[in-house]
Amino acid sequence: MDAYEQLRNQAAQKRDAAILLARKEYRNSLRRIDDLRNSLCGAQPVRKRSHCRPLIELMIESLPRDRAFTFSDVLESMEALESSRTFNETSVRTLLPKLETQGIIRRVSKNQAGRVEWAVAGITISESPYGAMALT
C-alpha cells in the first residue's frame, strides 16, 4: 500500500466517523424534540404510514380484460378503485412500457387522437401492423 492510498483510507475513515457522529446527533435531536412535544402536549406523536397498495399492483388489477384501452382509461379505473388516493399521471404512464416488457400488456394500435391503445396480453384483438409501433 503506497502513501497515497493510505491517505485515502484515512480520509475515508475520518469521513465515515463524521457521518456516524452526525447521525447520532440527529437521532438525539429528534428524541429531544419528541420529549419536548410530549411534555408540552402530553401525548405521544402519531406517525402514520400509508398502507396503500403498490401502484403497479393497483394498475394490473384495474386493466380491462375484455377490450383495448388507453392510458386515460387505466387512470380512470384506478381512481375508481381507490378514490381517496391521488395518482401522479407521469408515474402511472411510465408503468405501461414496464408492463409491456414484462409481457402483461401489449400495444395494439393508435386511436384517431394518436394515443396508443393497449390490451392485456391474453386476449385476442386485431392489431394494426404499424399503428402500435413506438417512434423510437
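The values are calculated or read from the model by the stated rules, or taken from the named source; none is laboratory data. These numbers come from a predicted model, not from an experiment. As a convention, Cβ positions derive from the backbone with ideal geometry for all residues, glycine included, and neighbour counts pool all protein chains shown. Note: areas computed on protein heavy atoms with side chains; ligands, DNA, RNA excluded. Shrake-Rupley method; radii C 1.70, N 1.55, O 1.52, S 1.80 Å.
Of all residues in region 67-88, those being within 21 Å of GLN112 (Cβ to Cβ) and of a type in the set (D, E, K, R) number 3.
I'm checking my understanding of the structure. Among residues of region 1-51 that are surrounded by 10 or more Cβ atoms within 10 Å (Cβ to Cβ), among the hydrophobic types (A, V, I, L, M, F, W, C) and more than 34 Å from the chain's Cα centre (by Cα), which one is modelled with the lowest pLDDT? Checking each candidate, the answer is LEU36.
Can you pull out every residue in region 62-76 that is of a type in the set (Ser, Thr, Tyr) and crowded, with 16+ Cβ neighbours inside 10 Å? Once the filter is applied, which keeps residues that are of a type in the set (Ser, Thr, Tyr) and crowded, with 16+ Cβ neighbours inside 10 Å, region 62-76 yields SER62, THR70. The C-beta contact set for region 63-83 (first residue within 13 Å of ARG93 (Cα to Cα) and β-branched (Val, Ile, Thr), second residue open to solvent by 80 Å² or more (accessible area, probe 1.4 Å) and not in a helix (DSSP H, G or I), distance under 8 angstrom, 6+ apart or interchain) comprises THR70/ARG115. Give region 74-123 a look and list any residue that's of a type in the set (Ser, Thr, Tyr) and within 24 Å of CYS52 (Cα to Cα), or say none. Scanning region 74-123 gives SER77, SER83, SER84, THR86, THR90, SER91, THR94.
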